Each structure stands twice: as structure tokens, then as C-alpha cells.
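The values are calculated or read from the model by the stated rules, or taken from the named source; none is laboratory data. Source: prediction; values computed, not measured. As a convention, Cβ positions derive from the backbone with ideal geometry for all residues, glycine included, and neighbour counts pool all protein chains shown. Note: accessible area is taken over every heavy atom of the protein model, side chains too, but ligands, DNA and RNA are not part of it. Shrake-Rupley method; radii C 1.70, N 1.55, O 1.52, S 1.80 Å.
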Amino acid sequence: MTLATLRIPEELTSEVNSIVQEFGFQNKEEFVQEAIRDKVLELRKLRFFSLTDRVAANLKKKKISEQEIL
């Protein structure tokens, strides 16, 4: 695992501390790791849907149906 140092704006620090305690995270590090994993997954999904939308548009432009693909 790579070590990274993060600076959290002061206005978020108390909110992060509250969330860590309220939702049972062991510490801020665990919360930040989970938050990063969630964001990476969200962005991967957006990338995937963007790609599939472009493929669908190109297939439609070429008048290739889903049935023809299957």
C-alpha cells in the first residue's frame, strides 16, 4: 500500500470526524479509503456508460440493430 498525506479543509474535518464516529469507521484513514474506492467506482461507471453510449450511437448511425449484433 502506498502512503499518501492528505490535507482536509478545516470546515470538513469536524464533519469527517463525526461521520467516522457515527458510522463506525475505525479511523479517518478507513473512511477516506472507502470514499476514494466509491468515487473511483462511480467514475469507472461513468466512463463505461460514456463508451457504450458512443458505441450505440455509431451502431445506430450505421443502422446496425441489436438483433444483428446478437
Out of region 34-68, which residues are open to solvent by 60 Å² or more (accessible area, probe 1.4 Å), under 22 Å from Met1 (Cβ atoms) and not charged (D, E, K, R)? Ile36, Val40, Leu41, Leu43
Which one of the conditions (1) without any contact (Cβ under 8 Å) to a residue 24 or more places away in the chain; (2) open to solvent by 70 Å² or more (accessible area, probe 1.4 Å) does Leu6 fail to meet, given that it meets all the rest? (1)
What's the number of the only condition in (1) within 20 Å of the chain's Cα centre (by Cα); (2) more than 30 Å from Ile69 (Cα to Cα); (3) open to solvent by less than 100 Å² (accessible area, probe 1.4 Å) that Met1 fails to meet? (3)
Taking the condition among the hydrophobic types (A, V, I, L, M, F, W, C) and closer than 21 Å to Leu70 by Cβ, does Leu59 pass? yes
Contact list, first residue from region 36-53 and basic (Lys, Arg), second anywhere and loosely packed, with under 10 Cβ neighbours inside 10 Å and modelled with pLDDT of 95 or more, beta-carbon distance below 9 Å, six or more apart or interchain, is none
